[in-house]
Each structure stands twice: as structure tokens, then as C-alpha cells.
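The values are calculated or read from the model by the stated rules, or taken from the named source; none is laboratory data. Model, not experiment: these values are computed from the prediction. For neighbour counting, all protein chains shown are included, and Cβ atoms are generated from backbone atoms with ideal geometry for every residue, glycine included. Surface areas here come from the heavy atoms of the whole protein model, side chains and all, with no ligands, DNA or RNA. Shrake-Rupley method; radii C 1.70, N 1.55, O 1.52, S 1.80 Å.
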Amino acid sequence: LMYYEKLEILNPIRDDNGYRLYSISDIWRLNLIKELKSLGFSFKMIKEYLDKRDISSTNNLLKNGIEILDDQIYRLLKQKENMRKRMYAIADTYENSNLNNIELSYLKERKGIILNGQIKRDEEFDLLIQKLQKKYDNKIGILGNSNVGSVFSMKSLQEGVTTDFESVFCFLNDDTDDYNIVFEEGYYVTLTYAGDYSNNKEHIKNMFDFIEENKLIITGNPIEIYKIDIHETEKVEEFITEIQIPIKC
């Protein structure tokens, strides 16, 4: 009641001792305030309405309330669809990943956003992802996002080091206009593996051997995509990661 009085939407009189005295008018006003709050109206809207009430203003208030609810419903439905897509992405990764097999895949052009930075530890990767999210107004989700990855340092790979990366990235929808890199359409040698990231050392060696044996030419830095990682599970054995190496046949 004191808060309502502070907002000047309830103004009881006071007796000689300073005690608030509420009239019948204050009671119906208080009941109306409580009901309007339960319908989702802001105190600003309630005060403006109480200061000038008639049939026209009542209809306008309810009309505005319906518009507010329609907007909330729209945003909630979008949020629900977003969650559903993330759930499907996780399930699809587990059900359709062809683990530990080297494949020659033709991939279409992919738009993305990328942020450069030397990465040698998981903490540095997480820090760069945070910077990438901040740069793009937190439009990049993490949970259930199978499009986030890192770009290997080719120099380090040639020296047998598979823990050095040059940048982090996230693939985006084809229709996006807000991107700063395009992963070219073409052939890639790919492999998906489960478990600890240290497993990539053996897999990358096997992929390089496959490329050499088939007389293929590497055309760019290999990338690693984190399909399932620490954000979805704390069990390392449940991690699923894909390596892609762009090549020319």
C-alpha cells in the first residue's frame, strides 16, 4: 500500500495522528489496481488509466493489453521453437553421427562469424566465444548449438601439435546478412569422433595419411566443430566432435 501511495496511484487521507484512512473509494481503487496488475499492466499504464477513466479509456486499455499479450505470446512461441531446434540438434547428432570413419564429403557454402585469437587451452576458447557473443549481441546460442568450432593452426599441425587454434567461429543460417566469413563450397575430408579432444591427434594423423595416399591437396586450415561438448554434458565420453579438412581432388 505504501508503494502504491509512493507511485501516486493510491492517495488515502490521514487522521490527526498521521494514520492512513482508506475510504470505500480507495478500496475499489485498490481492487482495480490488483486486478490490472494480475492482467499484466504496468504501474505506469495503471496510473494513466486511473487518472482518466471512462468507457473509451477502458476499451483502449484492454486493447493495449491484448496487443501486449500477443507480443508476449509471439516471443514465447519463438523461444519454444528455439528450444525445440536445440533439442532436435542434439538428438540428430547422436543418432546420425558416423563415428571414426574418414569420409570425402561435398559441402555447400556456409556463412559464419569468426573471431581470431590464439587458443591453447579450453579457457581461452570459452573467452573467445564470450567475445564473439558480445560482438554479435548475444545472438549466438551455446546450448544445443552444433555449429560452433575452432580453426586449427596449420603450422602447429605440421609439427604434430593438435591443440593450437587460430580462431573460433559459428556457422549461421544461409539467409543471414550479418556475417564476416564464408566457408567455401567444395570437398572436405571429414571425420567425427567421440570422447576427449586429445583423441583428435590420432584422427588427424589418419586423415592426413588418407589425403596423402589419395593424392589430395589441402586448400585451407582444418576446422573442428563441437557437436556435443561441455555445455550439453559433463561426461567427456559423450562429447562428439567433427574434423573437416578442405581439399582439392
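Quick notes on this structure:
- Enumeration of residues in the range 213-230 that are in contact with a strand residue (DSSP E or B) (Cβ under 9 Å, 6 or more places away or on another chain) and either open to solvent by 20 Å² or more (accessible area, probe 1.4 Å) or among the charged types (D, E, K, R) (or both): 214, 216, 217, 218, 219, 220, 221, 224, 227, 229
- Residue match in the range 169-178 (condition: among the aliphatic types (A, V, I, L, M), outside any strand (DSSP E or B) and in contact (Cβ under 8 Å) with a residue 12 or more places away in the chain): yes
- The lone criterion from (1) more than 16 Å from residue 115 (Cα to Cα); (2) touching a Ser or Thr at 6+ places or on another chain (Cβ under 9 Å) left unmet by residue 152 is number (1).
- When 145, 60, 101 are screened for being open to solvent by less than 40 Å² (accessible area, probe 1.4 Å), outside any strand (DSSP E or B) and of a type outside the set (Phe, Trp, Tyr), only 145 passes.
- Residue within the range 122-134 that is in contact with a Leu (Cβ under 9 Å, 6 or more places away or on another chain) and within 27 Å of residue 106 (Cβ to Cβ) present: no
- Residues (among the small types (Gly, Ala, Ser), part of a strand (DSSP E or B) and either surrounded by fewer than 17 Cβ atoms within 10 Å (Cβ to Cβ) or over 27 Å from the mean Cα position of the chain (by Cα) (or both)) located in the range 179-212: 186
- Among the conditions (1) open to solvent by 70 Å² or more (accessible area, probe 1.4 Å); (2) out of contact with any Phe, Trp or Tyr (no Cβ under 9 Å at 6 or more places or on another chain), the only one that residue 160 does not satisfy is (1).
- The set of residues in the range 128-142 being touching a strand residue (DSSP E or B) at 6+ places or on another chain (Cβ under 8 Å) and either open to solvent by 100 Å² or more (accessible area, probe 1.4 Å) or in a helix (DSSP H, G or I) (or both) consists of 128, 129, 131, 132, 135.
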